[in-house]
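Down below is the structure, laid out as structure tokens.
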Amino acid sequence: MRARTRAVEALKADPAMSSLRRSLESYYGDPAREAAMDEFYARFVRPGDVVFDIGAHVGDRTGSFRRLGARVVAVEPQRLCVRAIRRIYAGEDDIVVVEAACGAHEGTVRLHVNSRNPTVTTASAHFLQAAHGAGGWEDEVWDATVEVAGTTLDSLISRHGTPTFVKIDVEGFEEAVLAGLSRPLPALSFEFTTIERAVARRCVARLTALGFEAFNIAFGDDMALAFGEWMSATELAERLRSLPHEVNSGDVYCVAPTAR
């Protein structure tokens, strides 16, 4: 743990990592946040499980999954983020870092880079259109594009085993990620935004077709499910439809019947 803390502090002091400093400060160094995260994810993750962290960014969720005893496959297309994860978790044999964008097909993926705020870098051109002029997104600028390697959930499963839990946070590219999955899993989460509710609804339809039957929501960065009971896909769609724009984002959690 001390080695990770030293690695994070070194990254924060590294001028080459300046664009990630805000993320490193927000996501590391807060024991209460880490404890809440571990308690929350413990309902989905047990020692020995395989977990996929799709859109790992700087790896704070990867850290939680590892603390819970899982073997983690951290998938991240941004080279700077990959360097950060590898430095923070150097020597961790149970963390595999895959430098790629997860999507519907293997091959090359075009990434739209937000240099000032890499956490909202995206492979979805439609996401950029939805963000343009939207409240809360006025200051975001995607100022570069880069071609990166692409992979799929099915390909990752064939190489690393079937995950008990998959976390997907890919800024509007969630539908493409789920299109690359052809089998049911015990549990999964994907990020939604209020500027692209239709994407979330299509993701739920896809997951329903794969066998997921129960859904819930966590708002923003909350480490708590917002509703006391798991919902059907129809109930979830209505909840998403009625959310005020100011909610901005959150995560939909989905479980197979035997996982509740």
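Any chance you could tell me what percent of the C-alpha pair distances in segment 4-81 go past 18 Å? Result: 43 percent of Cα pairs exceed 18 Å.
Checking a compactness column here: for the chain, what do you get for Rg(Cα) / (2.2 N^0.38 Å), N being the number of residues? Let's see the in-between values first.
Values: Rg = 17.2 Å, N = 260, 2.2 N^0.38 = 18.2 Å.
Taking N as the residue count of the chain, the ratio is 0.95.
Over what distance in Å are the Cα centres of segment 191-260 and segment 126-181 separated? Between the Cα centres of segment 191-260 and segment 126-181 lies a distance of 17 Å.
Per the Debye formula on identical point scatterers at the alpha carbon atoms of segment 97-234, with no solvent, log10 I(q)/I(0) at q = 0.13, 0.17, 0.20 Å⁻¹ is -0.60, -1.02, -1.33.
What full-extension length gain, to one decimal in nm, is calculated for Phe219 and Arg116 as 0.36 nm per residue of separation minus the Cα-Cα distance?
Values: separation 103, 0.36 × 103 = 37.08 nm, distance 2.41 nm.
Gain on stretching Phe219 to Arg116: 34.7 nm.
Label-to-label distance for Val146 and Arg43 is 3.6 nm, based on points extended 7 Å past Cα in the beta-carbon direction. On full extension, the segment bounded by Ala16 and Met1 gains 3.0 nm, given 0.36 nm per residue less the C-alpha separation. The Kirkwood hydrodynamic radius of segment 24-139, based on inverse pair distances between different Cα atoms, is 15.5 Å.
For segment 134-214, a Kirkwood hydrodynamic radius built from all Cα pairs, placed in the Stokes-Einstein relation at 37 °C and 0.692 mPa s, yields a translational diffusion coefficient of 229 µm²/s.
Shape call for segment 188-235 from the C-alpha gyration tensor, a ≥ b ≥ c root eigenvalues: rounded (a/c under 1.5), prolate (a/b greater than b/c) or oblate? Oblate, because a/c is 1.5 or more while a/b does not exceed b/c. With each label modelled as a point 7 angstrom along the Cα→C-beta vector, the Phe227-Ser158 pair spans 3.6 nm. Values of log10 I(q)/I(0) for segment 157-260 across q = 0.14, 0.16, 0.18 Å⁻¹ run -0.48, -0.64, -0.81, by the Debye formula with one identical scatterer at each alpha carbon and no solvent.
Computed from the coordinates by the stated procedures, all read-outs in this text should not be read as laboratory data. Because the structure is a prediction, the values reported are computed rather than measured. Note that each Cβ is placed from the backbone with ideal geometry, even for glycine, and that neighbours are counted across all protein chains shown.
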